[in-house]
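Readers should treat all values here as calculations from the given coordinates under stated rules, not as data from a laboratory. These numbers come from a predicted model, not from an experiment. Heads up, the Cβs are rebuilt from the backbone with ideal geometry, glycines too, and the neighbour counts pull from every protein chain shown.
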Amino acid sequence: QEIVNPEAYIKHPLQNRWSLWFFKNDKSKTWQANLRLISKFDTVEDFWALYNHIQLSSNLLSGCDYSLFKDGIEPMWEDERNKRGGRWLITLNKQQRRQDLDRFWLETLLCLVGEAFGDCSDQVCGAVVNIRTKGDKIAVWTSDYESRDAVTHIGSVYKQRLGLPLKMTIGYQSHADTSTKSGSTTKNRFVV
Amino acid sequence: GKRQYNRDFLLGFQFMPACV
């Protein structure tokens, strides 16, 4: 009789099922029509199968986004789980596309699928990377901008995981403020 | 409890042969 080690054939389940979305900027179509669901996964192995199969963020055309959200949450402000939320925003300069973009995005994905924020991970909705000529952006979206303790815990763990210097600060903005702003900057609700 | 996986554990699976 052969005894098989379950580690050899059972995939490692994640806490959540995740959906990866792709946005391609085609000005002849509506914003929603440009957004496509690529795939869903709920194991460590299936996460890597997808990640290893798709283009790195730094190879995408300007105007494209990847979004990774918990199953059932759409990557838009209007979703019920997002509309009272906000995002920790990382803005990158042009040099950082080559130096930092891909490793920051992978680290962001690992924080999400690995539930790196402990109990506060329940407030994480997803993350988005925007590829833009004027500067790329990465953001972690959470569900409630008024949950100060959870939001700041998520921000400080995230900043540490990205290896950002202590003297550098990152800001958290509510989607309500971002969607109603008049200028190019949105006020920070929190900074870490 | 929550299924939490740290980065090194997750990275260890990046190039594992696929499960069948």
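Below, the figures for the structure above:
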quantity	calculated
Checking A:Asp71 against (1) within 14 Å of chain B (Cβ to nearest Cβ); (2) in contact with a Ser or Thr (Cβ under 8 Å, 6 or more places away or on another chain); (3) acidic (Asp, Glu), the condition it does not meet	(1)
Among (1) under 25 Å from A:His12 (Cβ atoms); (2) among the hydroxyl-bearing types (Ser, Thr, Tyr); (3) surrounded by fewer than 20 Cβ atoms within 10 Å (Cβ to Cβ), the one test that A:Thr178 misses	(1)
Subset of the stretch A:89-121 (residues that are more than 14 Å from chain B (Cβ to nearest Cβ) and in a loop (DSSP other than H, G, I, E, B))	A:Leu92, A:Asn93, A:Lys94, A:Gln95
Which numbered condition A:Ala8 misses (of (1) more than 30 Å from A:Cys120 (Cβ to Cβ); (2) of a type in the set (Gly, Ala, Ser); (3) surrounded by 17 or more Cβ atoms within 10 Å (Cβ to Cβ))	(3)
Unmet requirement for A:Leu101, which otherwise passes all of (1) surrounded by fewer than 20 Cβ atoms within 10 Å (Cβ to Cβ); (2) of a type in the set (A, V, I, L, M, F, W, C); (3) without any contact (Cβ under 8 Å) to a residue 60 or more places away in the chain	(1)
Residue check for A:Glu146: within 14 Å of another protein chain (Cβ to nearest Cβ), in contact (Cβ under 8 Å) with a residue 12 or more places away in the chain and assigned to a loop (DSSP other than H, G, I, E, B)	no
So A:Ser39, is it assigned to a helix (DSSP H, G or I) and touching a helix residue (DSSP H, G or I) at 6+ places or on another chain (Cβ under 7 Å)	no
Conditions (1) buried (at least 22 other Cβ atoms within 10 Å of the Cβ); (2) within 14 Å of chain B (Cβ to nearest Cβ); number of the one not met by A:Gly86	(2)
